[in-house]
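Throughout, read-outs are computed from the coordinates displayed, never taken from laboratory work. Just so it is clear, the model here is predicted, and its values are computed rather than measured. Note that we place each Cβ from the backbone using ideal geometry, even for glycine, and neighbour counts take in every protein chain shown.
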Amino acid sequence: MAQPHEVWHGWMFHKQFRIRREYEHRPEFKKGDLVKVVMVSRFGDVGLTKNLEAERGYDLRVEPWELDSVEPLPADVCKLCLNALAAGGHEECRADRKCERCGGDTSPANPVCTRCYFLQWQKENAAKEKA
């Protein structure tokens with residue numbers, strides 16, 4: 001189940017991006033705001049802060065494809081899903097990719113969304129703890 005998302009998105013660490021959309025649960029983050037990635041999760045999402053000087057401490061977690069790069073993307077990074085192509089596990093990008101479990105939006109390179117992936121991880125860990 002574990003996939004090396006930090007390998008795919010690790011290039012984003014401590015780089016600045018612009019947010020592509022609004023977040024109802026975090027209204028202080030607006031579309032177009034400049035943010036910094038201070039955490040790359042093994043679940044595939046990234047942690048953001050508006051404090052561009054921060055080294056750690058995120059205020060919002062989002063999927064990498066919800067961000068626009070401020071600087072030119074590295075040559076080995078997919079322009080749609082922001083996966084590092086050299087890390088492997090990359091399929092041809094499709095903008096309409098949906099989660100196999102809940103039907104929500106997901107990365108073109110991941111079959112399930114971060115929420116469903118995390119719920120599966122929780123179930124697996126709970127089963128291991130009971131054993």
Listing 36, 30 by rising number of other beta-carbon atoms within 10 angstrom, fewest first, gives 30, 36
What ranking of 12, 39 emerges when the number of other C-beta atoms within 10 Å of each C-beta is taken as an exposure proxy, fewest first? 39, 12
Where labels lie 7 Å past Cα in the beta-carbon direction, separation of residue 39 and residue 73 in nm: 2.5 nm
